[in-house]
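The values are calculated or read from the model by the stated rules, or taken from the named source; none is laboratory data. Because the structure is predicted, anything quoted here is derived from the model rather than measured. Backbone-built Cβ (ideal geometry, glycine too); neighbour counts: all protein chains shown.
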Amino acid sequence: MDWTLYIYKTIFLFIILLVTLVVAMYSTYGERKVAAFMQDRRGPNRAGPFGLLQPLADGVKMFMKEEIIPLSANRVLFILGPSIAMTTALLTGVVIPWGGNLTIGGREFSMQIADLNIGILYVFAMVSIGVYGIMIGGWASNNKYALYGSIRAASQMISYELAMGMAIVALVITTGSLSLHEIVQQQHGMHWNVFYQPLGFLLFLTCAFAETNRAPFDLPECETELVGGYHTEYSSMKLGFYLFAEYINMFISSAVIATVYFGGYNMPFIDQLGLSPNALTLLGTAFFFMKIFFFIFLFMWVRWTLPRFRYDQLMNLGWKGLIPLAMFNIVATGVYYYFFELT
Amino acid sequence: MQQLTNRSKVVSDKKMTFLEKIYLPAIVKGMAITLKHFFRKKSTISYPEQTRPFSEIYRGQHVLKRDDLGRERCTACGLCAVACPAEAITMISAERKPGEENLYREEKYASTYEINMLRCIFCGDCEEACPKEAIFLTDRIVASEYKRDPFVYGKDILVEPLDPNKRIDVSKRQTESVLKFKQNKRFAHNK
Amino acid sequence: MVFLFYFLSAIMVISALLVVFSKSPINNVIYLIICFIAMAGHYILLNAQFLAVVHIIVYTGAIMVLFLFVIMLLNLNKAIIPQKSAAARILAVVTGGLFFLVLIAATRQTFVITPRYAFTSEIGLVANVGKTLFHEFLLPFEISSVLFISAMVGAVMFGKRDHSVGDD
């Protein structure tokens, strides 16, 4: 038994958990600030300097609220819903390579919890289980709006998962590996996949918006039609879990996009700096987080710019737009690699 | 049809061109607009610390003025109540007793004078109608209450304090044009 | 590892039994999902990561979602579930039992437990699975994909509006 490795992994797991939660917490703050700035407002600025303690205040508020379970709801499933949403959201961070290798006391430790050789499929699996959180919660509420919301969520996620998977298939043709660690390492030195798979990137990005139920694909929770959508009946921290899971998903999908298409922790000109390996690793991690934050900002930017799709437009775009494009992308990539690369 | 501005656009449901169909150019355009707003000067202010300046002729809570000697100017003529479109003003007149000359300017005064602030629409017609320059609207805001009754303001709130230092300044409302208007021969008794 | 095996097996068996015995259809589906996830755990124990993940994506994430979808939309009043007579129930049990017997008899005779490949820990990894699929089993693989295409085309045909009936 290699105890140092176990201890390292455990500590690292907790760090990742903490970072994920903190980033998600401050995404709520960032969301409100970005929304405010784009609407010529100031946003939250009362709690602490620049309103930086706002997420804490929100959290305290959420915990203090009365816990309501509707009388006609299915109690067990009603509680199970948000739990699944939160758990699956947190589980995804395990396979993402947060950085290169750290050397502590003469030993190399990877800044990735599990380097699965099917890493990217694991992400898909977790996302597809995440639908249950919304579906079960929406059904258990025994409310028509909640049910509508959950049905929309499920059909939307299944439709867009297809296009997302196909975008990734084309990418896998170029990388030849499903392991996120390897995909990142192949992109060393500005060989970012986005330059080789621009169409795939656009498809993946669009589907990521749909998968996280963010605007312009936030039909499952659109207030104007469905009150609160699947979380209409939820209150207190169970509602908090749903909202929080959405922000965690946003963080994780940003991380996946940065990893898969934007070189992960790779930095341009990193070899010319001449720093020690540990410093380089940490610098790479910092750069990785900058990329993630950019994508989180992009998520918010899009949300406060684009209006929501109508349901039939959503399905049209998914099935008649993105999936044929993704198929074309696969064929084009395959043909190119068959004739030009793999001789 | 005659167009009032040239900003209106004719909407049509013609078939979208290819560029419109792939949404992307429109999306980029929209996002550029929001990004421009992101860096723009904010149009809101942090309220309790900063306040927006009131207009010089802001019409807020009324005041019943006293004259220089501290006597109430109101003579309960009822013109304000007649002018009031919301019928918010009521009053009861009384005769000045001997020895009250230092309290009331004229022989007749208002023993009660009430304005229902829930009815009032702050149009300023009362001020316009007043021949004695007794009632003015000020830049004070009517305070909020939990019940309806306190909104009926009596003389205790409306009449300005006796203390010369605590008088309510309405000079802003007596702009040149207003004063000129009031110096009209027809209002000569107003001095 | 052995402990994990028994643990997952217990979850699987219990949830599978609950699928059969629980009354509410929604609970049935959820127990089936649990059963599938435990099965994915078994695949991982065999180091068949690819199979495990694909199992979760396809069965748990897509097919069961559709099941749940349909059941959610059904009006689940007790009144509309038909009450079978006692005779029908007994008949059902007898038929089911007979079928079970036939199955056992068949499997006892036909299964030859000599695997084609010796088990190695690498056998379930994605590269090996892919090579096997696209070299040795290319034809069945492609034929099954043709089957899926035909299913898709059929679904599209069903979904298409019939213009000959009348314009609306």
Original post:
Since residue A:38 meets every condition but one in (1) more than 14 Å from chain B (Cβ to nearest Cβ); (2) in contact (Cβ under 8 Å) with a residue 40 or more places away in the chain; (3) among the hydrophobic types (A, V, I, L, M, F, W, C), which condition does it not meet?
Top reply: (1)
Subject >> Residue check, residue A:9 in a helix (DSSP H, G or I), away from chain B (no Cβ under 14 Å) and more than 25 Å from the chain's Cα centre (by Cα) >> reply: no
Original post:
With respect to residue B:64, is the statement that it is in contact with a Pro (Cβ under 8 Å, 6 or more places away or on another chain), modelled with pLDDT of 85 or more, under 30 Å from residue B:156 (Cα atoms) and away from chain A (no Cβ under 14 Å) true?
Top reply: no
Original post:
Mind checking which residues of region B:109-144 are of a type outside the set (Ser, Thr, Tyr) and part of a strand (DSSP E or B)?
Top reply: B:110, B:114, B:115, B:116, B:135, B:136, B:137
**OP:** Would you check if there is a residue in region A:239-262 being among the hydroxyl-bearing types (Ser, Thr, Tyr), within 21 Å of residue A:100 (Cα to Cα) and touching a Gly at 6+ places or on another chain (Cβ under 7 Å)?
**Re:** no
**OP:** For region B:151-162, indicate whether the set of residues that are free of Cβ contacts under 8 Å to residues at least 60 places away in the same chain and of a type in the set (Lys, Arg) is non-empty.
**Re:** no
**OP:** Have a look at A:259, A:305 and point out the one that is modelled with pLDDT of 85 or more, touching a Pro at 6+ places or on another chain (Cβ under 7 Å) and either of a type outside the set (A, V, I, L, M, F, W, C) or over 20 Å from residue A:127 (Cα atoms) (or both).
**Re:** A:259
**OP:** Could you please find all residues in region A:194-209 being crowded, with 22+ Cβ neighbours inside 10 Å and away from every other protein chain (no Cβ under 14 Å)?
**Re:** A:197, A:200, A:204, A:207, A:208
**OP:** Considering only region A:192-245, give the helices (runs of 4 or more DSSP H) lying wholly within it that have at least 2 residues that are of a type in the set (Asp, Glu).
**Re:** A:223-226
**OP:** Look through region B:24-62, keep the residues that are of a type in the set (S, T, N, Q) and within 22 Å of the chain's Cα centre (by Cα), and return whichever of them is nearest to residue B:117 (Cα to Cα).
**Re:** B:61
**OP:** Tell me the helices (runs of 4 or more DSSP H) entirely within region B:2-90 that contain at least 2 residues that are touching a strand residue (DSSP E or B) at 6+ places or on another chain (Cβ under 6 Å) and over 28 Å from residue A:303 (Cα atoms).
**Re:** B:79-83
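Residue by residue, here is whether (1) among the aliphatic types (A, V, I, L, M); (2) at pLDDT 85 or above; (3) more than 30 Å from residue A:234 (Cα to Cα) holds:
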| site | (1), (2), (3) |
| --- | --- |
| A:90 | yes, yes, no |
| A:102 | yes, no, yes |
| A:129 | yes, yes, no |
| A:142 | no, no, no |
| A:160 | no, yes, no |
| A:175 | no, no, yes |
**OP:** Taking the options C:51, C:46, C:18, name whichever one is more than 12 Å from chain A (Cβ to nearest Cβ) and in contact (Cβ under 8 Å) with a residue 60 or more places away in the chain.
**Re:** C:46
Original post:
Looking at region A:213-244, which of its residues are under 26 Å from residue A:328 (Cα atoms) and at pLDDT 85 or above?
Top reply: none
**OP:** For residue B:101, indicate whether it is over 15 Å from residue B:76 (Cβ atoms), among the acidic types (Asp, Glu) and either without any contact (Cβ under 8 Å) to a residue 24 or more places away in the chain or out of contact with any helix residue (DSSP H, G or I) (no Cβ under 8 Å at 6 or more places or on another chain) (or both).
**Re:** yes
Subject >> Residue satisfying condition, being surrounded by 13 or more Cβ atoms within 10 Å (Cβ to Cβ) and among the acidic types (Asp, Glu), within set B:95, B:56, B:107, B:100 >> reply: B:100
